[in-house]
Amino acid sequence: MTQAPLLLELYRRMATIRRAEERLSKLFADGEVPGFLHLSIGQEAVPVGVCAALERGDTVASTHRGHGHALAKGMALEGFFAEIMGRASGVCAGRGGSIHVADMSIGMLGANGIVGGGLPLATGSALAHQVKGRPNVAVAFFGDGAMAEGALHECLNLARLWQLPLVFVCENNGWGEFSPHERQFAAKLAALGAAFAIPYEEADGTDVEAVAAAARRRVEPARRGEGPQILECRTPRWRGHYEGDPQKYREPSNLDAARGQDALALAAARLAAQGVDAEALGAIERAITERIEAAVAAARAAAEPDFAAAVAGVYAEARAHA
Amino acid sequence: MPETRYSAAINRALADAMAADESVVLFGEDVAAPGGPFAVTRGLLAKFGPLRVRDTPISEAAIAGAAAGAALSGLRPVVEIMFMDFMTFTMDALVNQAAKAHFMFGGQCSVPMVVRAPHGGGLNAGPQHSQCLEAWFAHVPGLKVVVPGNPADAYGLLRAAIDDPNPVVFVEHKGLYGSKGELPESPAPVAIGAARIARAGRDATVVTYGAAVAWSLRAADALAREGIETEVVDLRSVQPWDEATVLESVGRTRRLAIAHEAVSAFGVGAEIAACVSAKAFGRLAAPVARVGAAFMPVPFARSLERACLPGETEIAAAVRRLMAPA
């Protein structure tokens, strides 16, 4: 059992993600967030649990549902909100938005608009760790929808052949876009792990302590040079594929069951049993709300991105050759 | 100046770049132990070891995607795609990931990677091993595309491509690997985006690149015997391309043909023709001509492939038409 101070910190990180995404949902409804928004509300235990096992120099590649990964890896709320609200002060200068939040300074290689698109990036990042002799691992977050992408199968094979320091983390929320997982994938990830002789472990993606413990068990062998690892976390999808998705393809009972799995409520109950009272959690919540509101206010006040600067930013500047 | 084969010039550029920078790594199908399907990477495994020179499985999407990820994490990967036709499997990595990362992450990172791939026909390799697809990549903001036509440019452009902070598609030609040309003792990088006047002439300009440079030079020899002096501009890079050199040449000769092995429709020649028409319309004494492959998959049979691909004869004919009185 994790001691209260660590669980409290994990709770704080999960609550930060939950409240940030709830705020985004409202901003989206109010027209302050353009484009598409894919929320990970309900899934917070996975990014928080996994990133608790990571060092700053470790790298993660993420998915279209990537806000949690970004914040759990350490992205600042100011740059996060400003990006998703399309401002010049955004972490990607307003050029990427929700689906491309990235922060190279903390090893966050980007949310990704392409299902499975982050898998080869994480594989390459793990290769770089290996070639450079760095004591780091790369994590490839992917959803169950990506199991049917060829990229996963190519990367499992390559990572195993080269014994890369790579942890494949599947967030299995049971839905690939508008269709249930069982209609999209004929195999099991565990069986794929066995086929490639890659250690596989499953964790309850609603239990942040379970995820953190499993992540440590997968990250450490990868860090020691024992090759790639797989962690599959069952996690609920509370929201639609995107904000505004009426989810008519989902039975109300399926949605209710998902909403019954609440990582934050589970952690709060456990903390209460350990003697952390509601007032302490309330104080954490108030601090989070303050930070979020400050970030939103700063984003609202920030400038729109400059088109000329964007045009000039298509290519990185090359050294001059004769 | 010693004569060097095109394939050896590429090999030397790889070796020199790897010796100069430990971040440069090489991987692809059969590039390490077998030394490359066209022997371009022979000897590099022995020189630089298995950490930096690796054979991959036949997984083009993972090869290109891992190159992008490695480039984001501090390496300068050079990867080989055995035939340019197989780049269809690399499209997500190149088009959605590598090309856009610098831009869409707000300039936080660059993606210094090179994808080497041979294009071109002439080997009766059939519809899936002969295509020239460089225009696809030139169409994507964030990618650079170079197509060297001789050993010195192959060396110099590859050094520049490896040095470049952006993803570069480095297009080789299977038919050129055995060709020879001069390579200085201490060859220098060649700036990406700079064309080269391969032959000076006053009557017409042929803008070309890759294997078609040699065809254009032979066409110019034939035309010279008829009293037509043709200027041949070797673009060397198609993205970015050297608009200034082309406009300057056309401004003098007032006649332009663009010759490449790729099909003409929606191709590199179309882009150049549109640009010249927009910026030098008043200087043109004849409509811009394009020479390219027939709009068809590259066929297998010798006679069919010969009829499909352009060459010296088609380029010379196009220039003669430019010279004919309206």
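If you scan segment A:296-319, which residues turn out to be without any contact (Cβ under 8 Å) to a residue 40 or more places away in the chain, among the small types (Gly, Ala, Ser) and not in a helix (DSSP H, G or I)?
Those that are without any contact (Cβ under 8 Å) to a residue 40 or more places away in the chain, among the small types (Gly, Ala, Ser) and not in a helix (DSSP H, G or I): A:Ala316, A:Ala318.
Which number in (1) under 30 Å from A:Phe36 (Cα atoms); (2) assigned to a helix (DSSP H, G or I); (3) away from chain B (no Cβ under 13 Å) marks the one condition that A:Ala214 misses?
Among (1) under 30 Å from A:Phe36 (Cα atoms); (2) assigned to a helix (DSSP H, G or I); (3) away from chain B (no Cβ under 13 Å), the lone unmet condition for A:Ala214 is (1).
Looking at B:Ala198, B:Ala211, which is the one that is touching a residue at least 24 places away in the same chain (Cβ under 8 Å) and touching a Gly at 6+ places or on another chain (Cβ under 7 Å)?
B:Ala211
Within segment A:129-160, track down each residue that is in contact with a Gly (Cβ under 9 Å, 6 or more places away or on another chain), at the interface with chain B (Cβ under 8 Å from one of its Cβ atoms) and buried (at least 24 other Cβ atoms within 10 Å of the Cβ).
Answer for segment A:129-160, where residues must be in contact with a Gly (Cβ under 9 Å, 6 or more places away or on another chain), at the interface with chain B (Cβ under 8 Å from one of its Cβ atoms) and buried (at least 24 other Cβ atoms within 10 Å of the Cβ): A:His129, A:Ala138, A:Ala151, A:Glu154, A:Cys155.
Among the numbered criteria (1) out of contact with any strand residue (DSSP E or B) (no Cβ under 7 Å at 6 or more places or on another chain); (2) within 12 Å of another protein chain (Cβ to nearest Cβ), which single criterion is violated by B:Thr56?
Here B:Thr56 meets the rest and fails (1).
Given the options B:Ala294, B:Ala262, B:Ala273, B:Ala286, name the one that is closer than 23 Å to B:Ala316 by Cβ, of a type in the set (A, V, I, L, M) and touching a residue at least 60 places away in the same chain (Cβ under 8 Å).
B:Ala262
Test each condition in (1) within 14 Å of chain B (Cβ to nearest Cβ); (2) crowded, with 24+ Cβ neighbours inside 10 Å; (3) in a helix (DSSP H, G or I) for A:Ser105 and report the one that comes out false.
The failed condition is (2).
Any idea which residue in segment B:65-98 is nearest to the chain's Cα centre (by Cα), counting only those that are surrounded by 24 or more Cβ atoms within 10 Å (Cβ to Cβ) and under 19 Å from A:Gly313 (Cβ atoms)?
Filtering segment B:65-98 for residues that are surrounded by 24 or more Cβ atoms within 10 Å (Cβ to Cβ) and under 19 Å from A:Gly313 (Cβ atoms), the one nearest to the chain's Cα centre (by Cα) comes out as B:Leu94.
Against the definition (more than 15 Å from A:Gly116 (Cα to Cα) and out of contact with any Cys (no Cβ under 6 Å at 6 or more places or on another chain)), how does A:Glu201 come out, yes or no?
yes
A:Phe28: surrounded by fewer than 24 Cβ atoms within 10 Å (Cβ to Cβ), touching a residue at least 60 places away in the same chain (Cβ under 8 Å), out of contact with any strand residue (DSSP E or B) (no Cβ under 6 Å at 6 or more places or on another chain) and not in a helix (DSSP H, G or I), yes or no?
In short, no.
Can you pull out every residue in segment A:84-102 that is more than 9 Å from chain B (Cβ to nearest Cβ) and either charged (D, E, K, R) or not in a loop (DSSP other than H, G, I, E, B) (or both)?
A:Ile84, A:Arg87, A:Ser98, A:Ile99
Condition test on B:Ala160, is it within 30 Å of A:Ala128 (Cβ to Cβ), modelled with pLDDT under 95, out of contact with any strand residue (DSSP E or B) (no Cβ under 7 Å at 6 or more places or on another chain) and within 14 Å of chain A (Cβ to nearest Cβ)?
Spelling it out, it is not the case that B:Ala160 is within 30 Å of A:Ala128 (Cβ to Cβ), modelled with pLDDT under 95, out of contact with any strand residue (DSSP E or B) (no Cβ under 7 Å at 6 or more places or on another chain) and within 14 Å of chain A (Cβ to nearest Cβ).
If A:Glu171 satisfies all but one of (1) under 16 Å from the mean Cα position of the chain (by Cα); (2) part of a helix (DSSP H, G or I); (3) more than 9 Å from chain B (Cβ to nearest Cβ), what's the number of the condition it fails?
(2)
Just to be sure I understand the filter: pairs with C-beta atoms under 9 Å, separated by 6 or more residues or on different chains, first member in segment A:50-72 and surrounded by 24 or more Cβ atoms within 10 Å (Cβ to Cβ) and in a loop (DSSP other than H, G, I, E, B), second member among the charged types (D, E, K, R) and at pLDDT below 95. Which pairs pass?
What qualifies is A:Arg65/A:Arg237.
Return only the number of the condition from (1) closer than 17 Å to A:Asn172 by Cα; (2) part of a loop (DSSP other than H, G, I, E, B); (3) under 21 Å from the mean Cα position of the chain (by Cα); (4) at pLDDT below 95 that A:Arg250 does not satisfy.
(3)
Can you tell me which residue among A:Ala215, A:Ala195 is out of contact with any Pro (no Cβ under 6 Å at 6 or more places or on another chain) and surrounded by fewer than 19 Cβ atoms within 10 Å (Cβ to Cβ)?
A:Ala195
Just for segment A:114-128: of the residues that are more than 7 Å from chain B (Cβ to nearest Cβ) and not β-branched (Val, Ile, Thr), which one is farthest from A:Glu171 (Cα to Cα)?
The selected residue is A:Ala126.
For the subset of segment B:262-310 comprising residues that are of a type in the set (S, T, N, Q) and part of a helix (DSSP H, G or I), which member is surrounded by the most Cβ atoms within 10 Å (Cβ to Cβ)?
Applying the filter and picking the extreme gives B:Ser277.
Every residue in segment B:166-213 that is in the same structural domain as B:Pro287 (by TED's automatic domain parsing), within 11 Å of the chain's Cα centre (by Cα) and not aliphatic (A, V, I, L, M), please.
Once the filter is applied, which keeps residues that are in the same structural domain as B:Pro287 (by TED's automatic domain parsing), within 11 Å of the chain's Cα centre (by Cα) and not aliphatic (A, V, I, L, M), segment B:166-213 yields B:Thr208, B:Tyr209, B:Gly210.
Is one or more of the residues making up segment B:239-246 out of contact with any helix residue (DSSP H, G or I) (no Cβ under 8 Å at 6 or more places or on another chain), closer than 20 Å to B:Val147 by Cβ and not in a loop (DSSP other than H, G, I, E, B)?
Within segment B:239-246 (the criterion being out of contact with any helix residue (DSSP H, G or I) (no Cβ under 8 Å at 6 or more places or on another chain), closer than 20 Å to B:Val147 by Cβ and not in a loop (DSSP other than H, G, I, E, B)), the answer is yes, since at least one residue qualifies.
Would you be able to say whether some residue in segment B:117-135 is surrounded by 24 or more Cβ atoms within 10 Å (Cβ to Cβ) and within 30 Å of A:Gly94 (Cα to Cα)?
no
Within segment B:17-57, how many residues are surrounded by fewer than 18 Cβ atoms within 10 Å (Cβ to Cβ) and part of a helix (DSSP H, G or I)?
Of the residues in segment B:17-57, 4 are surrounded by fewer than 18 Cβ atoms within 10 Å (Cβ to Cβ) and part of a helix (DSSP H, G or I).
All but one of (1) in contact with a helix residue (DSSP H, G or I) (Cβ under 8 Å, 6 or more places away or on another chain); (2) of a type outside the set (Lys, Arg); (3) within 14 Å of B:Ile10 (Cβ to Cβ) hold for B:Ala161; which doesn't?
Result: B:Ala161 passes all but (1).
Count, please, the residues in segment B:1-49 that happen to be farther than 22 Å from A:Leu161 by Cα, within 14 Å of another protein chain (Cβ to nearest Cβ) and charged (D, E, K, R).
So the answer is 2.
The values are calculated or read from the model by the stated rules, or taken from the named source; none is laboratory data. Model, not experiment: these values are computed from the prediction. Reconstructed Cβ throughout: ideal geometry from the backbone, glycine too, with neighbour counts over all protein chains shown.
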